[in-house]
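Report on the following structure.
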Amino acid sequence: MSPTCRVADVAETRGGDETGAHLNTGKPEMIVRKLRLQRGWSQEQLAEMTGLSVRTIQRIERGQKPSLETARAMAAVFEVDISTFDTWEAPMQEKVIVTEDEQAALAYVKQLKEFYTHLCLYVIFGIVILWRRGVDDPVIVWALLGWTAGIIVHGLVAFEKLNFIGVNWERRMVEKRLGRKL
């Protein structure tokens with residue numbers, strides 16, 4: 001598959017629409033993340049190449065609609081049509097698509113990244129706190145034990161070992177809110 005994914009490419013590799021694969025073309029944040037990851041670029045590298053700030057890239061990947069200038073810069077760097085980032089105007093064969101399995105994989109990796117960030121902060125601050133205050137202060141010990149429990153639960157959720165609030169729960173809550181089945 002080429003670096004720019006088109007609906008025709010996906011339909012060809014999946015055997016057409018008969019597979020029942022659901023394609024989501026309405027999430028620019030997923031498109032930007034997918035294009036960036038396909039090329040192996042970090043957010044910092046993309047920001048440098050586009051002349052945008054890292055914060056702007058982060059905002060777009062979190063769902064903020066890019067401005068026209070931002071979309072032009074990203075389109076030039078990714079070598080795609082500008083309408084790729086303005087999905088409601090793009091013709092169907094020009095859209096970059098993100099399949100449901102790709103969305104799930106991106107969400108899973110995001111959870112892992114958040115866990116590893118949390119773990120790194122825990123280790124760094126734990127070392128600093130123990131170095132500065134020692135283990136003689138019971139408040140510090142209890143605080144670190146509580147944080148340790150939080151890290152363990154976060155890890156279990158991130159690695160999908162503890163799934164009390166998972167996909168089924170989300171689906172049930174959405175159905176409850178809508179008052180109908182999805």
Count - residues of the stretch 83-100 that are at pLDDT 80 or above and surrounded by fewer than 17 Cβ atoms within 10 Å (Cβ to Cβ):
1
Of everything in the stretch 117-161, what is in contact (Cβ under 8 Å) with a residue 40 or more places away in the chain and either loosely packed, with under 14 Cβ neighbours inside 10 Å or more than 25 Å from the chain's Cα centre (by Cα) (or both)? Give them in sequence order.
Phe159, Glu160
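The values are calculated or read from the model by the stated rules, or taken from the named source; none is laboratory data. Just so it is clear, the structure is predicted and the values come from calculations on it, not from any experiment. For neighbour counting, all protein chains shown are included, and Cβ atoms are generated from backbone atoms with ideal geometry for every residue, glycine included.
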